[in-house]
Amino acid sequence: MAHAADGLGDVLLDQESLQAEVTRLAEKISSDYADRPLHLVGVLKGAAVFLADLMRALTIPTSVDFISTVPYGPVSASGVVRIRKDLDEPIEGRAVLVIEGICASGRTLAYLLRNFRTRNPASLGVCVLLAKQRERPPDVRLDYVGREIPDVFVVGYGLDKDERYRNLPYVARLT
Ligand code: IMP
Ligand code: MG
């Protein structure tokens, strides 16, 4: 029987480190948004596990919505991103924090931020669990980063390779 961990290399973040990063981020976010209700926007599916943990660690009133984009492949190397499932609710006038599992080239976030800005939120921030050490578009500002990691492909804690490995409770390099 195939094991869930087949094909995996080094563990970059174990369960304890993930919990520590989530706690640290949640404390900072709870303090930064103490004066206004926070609207979390999770980017499916990679952010689902991170968001579930993060929102339970926040000590401020929050609401949550989700958006899903169609991943661009080599055919769309131009960075064109499409929305598969849009937000359920308007974000106009709200304090919005986009929650993403990982930022690599930053193209997905660049697109989403541009799109969300046209909807006139009161504020628009970004929180990513992982940020790869590589160049990003200048308009992609990561307000909260769990960990910077080398530019390698990782899976687990919501992140997949062809829909596999999302359920791993840690983040590991794929070999
Ligand atoms: P970007 O647009 O290049 O920043 O890539 C963002 C999207 O690519 C993320 O939302 C992930 O779905 C996917 N991605 C990028 N790097 C990885 C990785 O190392 N593991 C799993 N998914 C990744
Ligand atoms: Mg993926």
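In the chain, the DSSP beta bridges split such that about 30 percent are antiparallel, to the nearest 5. The Rg/Rh ratio for the chain, using Cα coordinates for both the radius of gyration and the Kirkwood hydrodynamic radius, is 0.95. Taking region 1-42 and a reference point 7 angstrom along Cα→Cβ of Glu89, the backbone N atoms nearer than 15 Å belong to 36-42. The length gained by stretching the chain between Ala57 and Val152 to full extension, at 0.36 nm per residue less their Cα-Cα distance, is 31.4 nm.
Using DSSP to define loop residues, name the GluC sites (Glu not before Pro) in region 54-161 whose beta-carbon has at most 16 other beta-carbon atoms within 10 Å.
Numbers: sites: Glu92, Glu100, Glu135, Glu148; in loops: Glu92, Glu135.
In loop regions of region 54-161 (DSSP not H, G, I, E or B), the sparsely surrounded GluC sites (Glu not before Pro) are Glu92, Glu135.
Residue separation of Val70 and Thr118 scaled by 0.36 nm, minus their Cα-Cα distance, works out to 15.3 nm of gained length.
Only the coordinates and a few stated rules stand behind these numbers; no lab work does. Remember, it's a predicted structure, so these values are computed and weren't measured experimentally. Every residue, glycine among them, receives a Cβ derived from its backbone with ideal geometry; neighbour counts consider all protein chains shown.
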